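The values are calculated or read from the model by the stated rules, or taken from the named source; none is laboratory data. Keep in mind it's a predicted model, so treat the numbers as computed, not measured. Counting neighbours? That spans all protein chains shown, and the Cβs are built from the backbone with ideal geometry, glycine included. Surface areas here come from the heavy atoms of the whole protein model, side chains and all, with no ligands, DNA or RNA. Shrake-Rupley method; radii C 1.70, N 1.55, O 1.52, S 1.80 Å.
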Amino acid sequence: MTKFIVERSVPGADKLSVEDLCDIATKSNSVVAGLGVPYVWHHTYVAGDKFYCVHEADSAEEIYRHAKEGGFPADLVSEIKNTFGPETAATPR
């Protein structure tokens with residue numbers, strides 16, 4: 001499977017309550033369970049009016065399907081090609 005980052009516009013996202021986020025997670029988990037294909041939702045970052053979600057699926061189409069069936073926006077779905085962080089500077093070249 002391929003990892004994707006999903007950008008979702010959610011006005012007031014950073015003001016959602018724990019209960020709201022729990023409801024969203026419950027709905028997402030339910031949709032994932034019903035897709036009938038390999039699919040993993042890893043986590044979501046909330047920043048301002050956006051959700052940035054990391055999902056793993058066989059294709060971007062499956063990500064859009066999850067969004068549609070869950071009633072979630074999916075403004076942008078991009079394949080994650082690589083990750084890096086501070087420790088990357090110590091990687092032999």
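For the reader, a short list of remarks on this structure follows.
- Debye log10 I(q)/I(0) for the chain, one point scatterer per Cα, at q = 0.13, 0.16 Å⁻¹: -0.47, -0.68
- The relative contact order of the chain comes to 43 percent, based on Cα pairs under 8 Å that sit 6 or more residues apart.
- Expected 222 nm ellipticity per residue - DSSP helices of 4 or more, -39500 (n - 2.57), all of the chain, to 500: -9500 deg cm²/dmol
- Where labels lie 7 Å past Cα in the beta-carbon direction, separation of residue 21 and residue 9 in nm: 2.3 nm
- The residues 93, 8, sorted by heavy-atom accessible surface at 1.4 Å with ligands and nucleic acids left out, run 93, 8 from largest to smallest.
- Karplus-based coupling profile of the stretch 50-61, in residue order and whole Hz: 10, 10, 10, 10, 10, 10, 10, 7, 6, 7, 5, 4, with θ = phi - 60° in 6.51 cos²θ - 1.76 cosθ + 1.60 and x standing for Gly or Pro.
- Fluctuation leader among 44, 26, 83 - the chain, Gaussian network, Cα springs under 10 angstrom: 83
- Accessible surface, 1.4 Å probe, highest first, among residues 53, 22: 22, 53
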